[in-house]
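Everything below concerns the one structure shown next.
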Amino acid sequence: MTYVITRLCTNDGACVEVCPVACIHTRPGAPQFYIDPDVCIDCEQCEIVCPVDAIFKDVDVPAVHADAIDLNASFFRQNKAVVGPVALEIAWQMVHRAHAYAQSVRIAVSAAVVDEAGVPIAVGRMDGAAPWTAELAVNKAYTAAAFHIATADLKAQARQPWLRSLLVAHRGRLLAVAGGLVIFDGIAIIGAIGVAGGTTTEQDVLCCQAAFAILEAGRR
Ligand code: SF4
Ligand code: SF4
C-alpha cells in the first residue's frame with residue numbers, strides 16, 4: 001500500500017518535512033507534490049500534517065480523485081532517471097576522500113559506500129580504526145539507503161513507535177545515529193555513504209560530506 005497526493009495539493013511542502021523516507025517530490029512548474037509508491041512505507045505522517053486533506057491511502061482515494069494513483073506513480077516513472085548504483089571506482093574514491101579528511105583532523109575511521117538497496121560496494125577501514133567501526137559504517141550507510149534520509153535526521157524520530165519497532169527488529173543493522181548520508185542522482189537514490197570511528201558523530205558526518213566532493217567534481 002502507499003499514500004497518494006491528489007490535485008487538492010496546494011504545493012506548500014508541509015508533507016515533505018515529515019516524510020521519514022523522503023519519498024515526496026515535485027519539480028519546478030509541477031502543479032503539486034507526488035509520492036513515490038515504491039518507497040512510501042505507509043506511515044501516515046504526511047496525511048496528518050496536510051492542511052488541505054489532499055493525501056489519502058491508495059485504497060481510500062475518493063472516486064473523484066481516482067486518477068491520482070496513476071498520476072503519482074507516473075511522475076516517478078518519468079522523472080526518475082534510469083541510473084545505476086554508485087560506480088565502484090567512484091565508491092572507492094569516496095571512501096579514500098573520507099579517509100583523507102579523517103586523517104587531516106587526526107582521527108581514524110571506517111567508511112562504506114552502499115548501493116540503493118544497502119548492499120556494500122566499497123568498505124575501507126583506516127589503519128588505527130577500531131575493528132567494529134567497519135560494520136558500523138556499513139550499517140549507517142544501509143540505514144540512510146533504507147530510509148532515504150540522513151541518519152542524523154532519524155535521531156529526532158527515534159522515539160516514534162513505528163521507528164522503535166523497526167530498530168529493534170533489525171537488531172542493530174538500522175541505526176538512528178549521525179554519520180550516514182544518501183547519495184542522489186537528481187531525484188534518484190543511487191546509494192549511501194556511512195562513516196564511523198570519529199571522536200564524535202559530527203566528525204563522521206564531516207567525513208561523509210568530504211567524500212561528496214568526488215561526486216561534485218564528476219558532475220562539473
Ligand atoms: S505515508 Fe509516510 S512514507 Fe508514505 S509518503 Fe507519507 S510520510 Fe512518506
Ligand atoms: S502537505 Fe498537502 S498541500 Fe502541502 S504539499 Fe503536501 S500534499 Fe500538498
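Brief remarks follow.
- Restricting segment 9-20 to residues that are surrounded by 15 or more Cβ atoms within 10 Å (Cβ to Cβ) and not in a helix (DSSP H, G or I), the residue that is farthest from ligand 2 (Cβ to nearest atom): Pro20
- Pick from segment 10-25, criterion without any contact (Cβ under 8 Å) to a residue 40 or more places away in the chain and touching a helix residue (DSSP H, G or I) at 6+ places or on another chain (Cβ under 9 Å), ranking: nearest to ligand 1 (Cβ to nearest atom): Cys19
- Extreme residue, nearest to ligand 1 (Cβ to nearest atom), among residues of segment 49-64 that are aliphatic (A, V, I, L, M) and part of a helix (DSSP H, G or I): Val49
- Subset of segment 23-48 (residues that are of a type outside the set (Asp, Glu), within 21 Å of the chain's Cα centre (by Cα) and not in a loop (DSSP other than H, G, I, E, B)): Ile24, His25, Tyr34, Ile35, Gln45, Cys46
- All positions within segment 58-86 that are at pLDDT below 90 and in contact with an Asp or Glu (Cβ under 6 Å, 6 or more places away or on another chain): Phe76, Val83, Pro85
The values are calculated or read from the model by the stated rules, or taken from the named source; none is laboratory data. Bear in mind the structure is a predicted one, so any value in this text is a computation, not a measurement. Note that each Cβ is placed from the backbone with ideal geometry, even for glycine, and that neighbours are counted across all protein chains shown.
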